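Step one of this worksheet: look at the structure below.
Bear in mind that the values in this text are calculations on the coordinates, not laboratory data. The structure presented is a predicted model; accordingly, all values stated were derived computationally and were not measured. Here Cβ is always computed from backbone atoms with ideal geometry, including for glycine, and neighbour counts include all displayed protein chains.
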Amino acid sequence: MPALHQFVAGYSQGDAISNEARTLRDLFRGWGYTSEIYCEQHRTLPELRREARDLATAPQTIRPEDIVLLHLSIGSPVNELFGQLRCRKALLYHNITPPEFFRDIHEPLAAQLARGREQVRALAGVAAVNLAVSAFNAMELETLGYAQVGVLPLVLDFDALRAPPHRGRLARYADGLTNILFVGRGVPNKRIEDVLSAFYYFQKYVEPHSRLIHAGSYAGLENYQALLWTRIRQLQLSNVELTGSIPQAELNACYQSAHVFLCLSEHEGFCIPLIEAMVNEVPILAYAAGAVPETLAGAGVLIKEKRFDLIAEMLGRLVHDEALRDAVLARQRERLDLYENRDLETELRAHLAPLLETT
């Protein structure tokens, strides 16, 4: 029987693609397939190297009858090897952030992203099955010459999202301050500087007894983090926490402590934290960029203009206006119910049918 493997550009704890790869690996094994995750060894977190195969071994271990699913997310040798391998192929496009966001902040990463976008173009027609995690991403592939792109939202581990929170962090945030939360990597396209600007108006004019929490890794973008700390000092903000990467239990504590989730990102291929906020009953205020409107699907509060004073006012209403808050949370529950009750396993199997039917 052929195997059903996955290729990822990086393999770590906590990031969305690694989490999904683990979930899919378990799913594929449940279907009866041998299934491994392949990644460059130096891009694999050391403590995870026992559960991921070194990409360098792929040409020797993957057979022509095997199936490989590529998670396409950044410029990487993984993409090039995927194109060269003699096997049956599927790809799942998570989107590649435009390099312009990283110019003058992290030029090597900007170059890697530009390379990734070139690799996306080069892979058109290589895979028998082309998928994207959102219609926004699917349209991007179609403009590059991909045919019949299917949409498969991210397969999430809801049990992990609902696991008990870290008691210490939960207790620390239960101190009477109003907690505004954003979750996501510490990268320029997330526009965390805009979150700071909105929080400035919120703390100064709406709710002085407030805290801003950003949970997400700044690994490799420490200079961007330094710019944010400079901005925090310039604005004389108090009670701002940039937690860095934290375990799931601590992240769950952040969500459960939050009064509002604020997302002002300007490029998202899906935005998993929006779903996570819904799971934790946190009202969402988000900027309508990329796939954000699609992911919210009418839930939360969507804004189309970055007027930081008005954003601060709406944050205040979501905290204090009980009727508005209840209405927003009710619509978010409806959206979450539709998402969680989709049979994504069956949908994935249907998408992969052209490859699976010949096994």
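Miscellaneous remarks
- For the chain, the longest principal axis of the Cα atoms and the long axis of helix 107-122 meet at an angle of about 50 degrees.
- Tilt relative to the chain, helix 16-30 - C-alpha long axis, 0 to 90 degrees, to 10: 40
- Using C-alpha pairs under 8 Å with a sequence gap of at least 6, the mean separation divided by the residue count of region 198-330 gives a relative contact order of 25 percent.
- Cα gyration tensor, region 81-145 - rounded (a/c under 1.5), prolate or oblate: oblate
- The Cβ shell under 12 Å around Ala135 holds other residues with a net charge of -3, Lys and Arg each +1, Asp and Glu each -1.
- Lysine pair number, Cα distance threshold 27 Å (strictly under), the chain, separation 8 or more or different chains: 5
- Translational diffusion of region 256-305, µm² s⁻¹ [Kirkwood Rh, Cα pairs; Stokes-Einstein; 10 °C; 1.306 mPa s]: 149
- Shape category assigned to region 238-359 from the gyration tensor of Cα positions, a/c cut at 1.5: prolate
- Centre separation in Å (Cα based) which lies between region 27-43 and region 324-359: 22
- Mean residue ellipticity, 222 nm, helices only, the chain: the sum of -39500 (n - 2.57) across DSSP H runs of n ≥ 4, divided by residue count and rounded to 500, is -12500 deg cm²/dmol.
- Debye log10 I(q)/I(0) at q = 0.17, 0.22, 0.25, 0.28 Å⁻¹ for region 1-70, Cα point scatterers: -0.56, -0.92, -1.16, -1.36
- Rounded to two decimals, the Cα radius of gyration of region 159-340 over 2.2 N^0.38 Å is 0.95.
- Over all pairs of different C-alpha atoms in region 1-124, the reciprocal of the mean inverse distance, the Kirkwood hydrodynamic radius, equals 14.9 Å.
- Residue with peak Gaussian network fluctuation, the chain [Cα springs, cutoff 10 Å], from Ala160, Ala327, Ala291: Ala160
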